[in-house]
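The values are calculated or read from the model by the stated rules, or taken from the named source; none is laboratory data. For clarity, every value in this text was computed on a predicted model and none was experimentally measured. Neighbour counts are summed over all protein chains in view; Cβ atoms, including those assigned to glycine, are modelled from backbone coordinates with ideal geometry. Heavy atoms of the whole protein, side chains included, go into the accessibility calculation; ligands, DNA and RNA do not. Shrake-Rupley method; radii C 1.70, N 1.55, O 1.52, S 1.80 Å.
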Amino acid sequence: MAALSNRETFTGPALPGSRLAVRQLQFWLTNYRRTWRGSIYSSLLSPLLFLGAMGLGLGTLVNAHGDAALGGVSYLVFLTPGLLAATAMTTAVGESTYPVYASVKWTKTYQAAAATPLRPADLFHGHLLFVTMRLVMTSAIFLVVALAFGAFRSPWALATLPASVLTGLAFAAPVEAYTMTREKDSALIMIYRFGVIPLFLFSGTFFPVTQLPAVIRPLAYVTPLWHGVALCRALSLGTATPAAVASHVGYLALITGAGVAWGYRTYRRRLYV
């Protein structure tokens, strides 16, 4: 009856900063108290291992053949902003798939919450706030490690923090909306197999997109990760222009907004039955 009452009184999505959305954020933070140490360690080890092995190790071989293809910078400097954006993508997808699916399919915590004054929009916003917090934390740790490696050339590199967070949200919102429509978790595996892994490899993270075959290149340009990589790389190198920044930010914001709009619908359809 409570869920039916909520449906009858639903007048639209709650604001992201609403009290009920913050209440839902507190739920996720309470759960996170049990696992935060492990996530801190992984957030620290990931850039250490990637930048050490790829940026310095493989970078020695790449630099030996010249840096013209990389825009005149070392491979470490070229790789770091791309890895930052890619890390934001993997963090966002990880937080927007199985945790959400478990809440609606296995533990049923979303169904229980829907029988309270919390609306589907509050549940959605609350989790997006949590994902945003995770993205800020992971990206900040990555930046500290990258600075220790000397991987940035411009003070504008600090702006890669909000850029990477926006990149992550461009994945989190639509992936979370999609997850709410799934009845089997096998669909989530497809996201990683046919989405995350190809994007990680072919969106300019490890080599310029211009080295891809001409037929495939346009596909890379329409992916959110390429825009995130290009934005973070331009900022870290100090080569960003207002027009380019506006283009990348606008594209990522558009994808995020579309994902949020879709999430309103999928959350409401799944929880108000």
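Just a few scattered comments:
- Unique residue being among the polar types (S, T, N, Q), over 20 Å from the mean Cα position of the chain (by Cα) and at pLDDT 90 or above when the list is T30, T80, T90, T60: T30
- Condition met for A157 (at pLDDT below 95, under 15 Å from R268 (Cα atoms), part of a helix (DSSP H, G or I) and open to solvent by less than 20 Å² (accessible area, probe 1.4 Å)): no
Residue-by-condition table, conditions (1) open to solvent by 60 Å² or more (accessible area, probe 1.4 Å); (2) in a helix (DSSP H, G or I); (3) closer than 27 Å to H127 by Cα:
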position: A230; (1), (2), (3): no, yes, no
position: A234; (1), (2), (3): no, yes, no
position: A240; (1), (2), (3): no, no, no
position: A243; (1), (2), (3): yes, yes, no
position: H248; (1), (2), (3): no, yes, yes
position: A253; (1), (2), (3): no, yes, yes
position: V260; (1), (2), (3): no, yes, yes
position: G263; (1), (2), (3): no, yes, yes
position: Y267; (1), (2), (3): no, yes, yes
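- Considering (1) in contact with a Ser or Thr (Cβ under 6 Å, 6 or more places away or on another chain); (2) more than 24 Å from P208 (Cβ to Cβ), the lone condition that V144 does not fulfil carries the number (1).
- A112 meets the conditions (1) among the hydrophobic types (A, V, I, L, M, F, W, C); (2) more than 30 Å from L51 (Cβ to Cβ); (3) in contact with a Lys or Arg (Cβ under 9 Å, 6 or more places away or on another chain) in every case but one. The failed one is (3).
- Being closer than 25 Å to A148 by Cβ and aromatic (F, W, Y) is a description that does not apply to Y101.
- Residues (without any contact (Cβ under 8 Å) to a residue 24 or more places away in the chain and surrounded by fewer than 19 Cβ atoms within 10 Å (Cβ to Cβ)) located in region 188-206: I189, M190, R193, F194, I197, P198, L201
- Qualifying residue in region 142-154 (condition: outside any helix (DSSP H, G or I), closer than 30 Å to G57 by Cβ, at pLDDT below 95 and basic (K, R)): yes
- Looking across region 249-258, the residues that are in contact (Cβ under 8 Å) with a residue 24 or more places away in the chain and closer than 15 Å to L225 by Cα come down to V249, Y251, L252, A253, I255, T256.
- For region 177-187, taking the residues that are part of a helix (DSSP H, G or I) and modelled with pLDDT of 95 or more, the one that is nearest to A121 (Cα to Cα) is identified as A177.
- Region 111-154, residues that are closer than 19 Å to G238 by Cα, open to solvent by less than 40 Å² (accessible area, probe 1.4 Å) and among the aromatic types (F, W, Y): F142, F152
- Failed criterion for Y98 (all others in (1) under 15 Å from the mean Cα position of the chain (by Cα); (2) open to solvent by less than 20 Å² (accessible area, probe 1.4 Å) hold): (2)
- All helices (runs of 4 or more DSSP H) inside region 31-127 with 3 or more residues being without any contact (Cβ under 8 Å) to a residue 40 or more places away in the chain: 36-50, 59-64
- Hey, V136 of a type in the set (A, V, I, L, M, F, W, C), modelled with pLDDT of 95 or more and closer than 24 Å to R269 by Cβ or not: no
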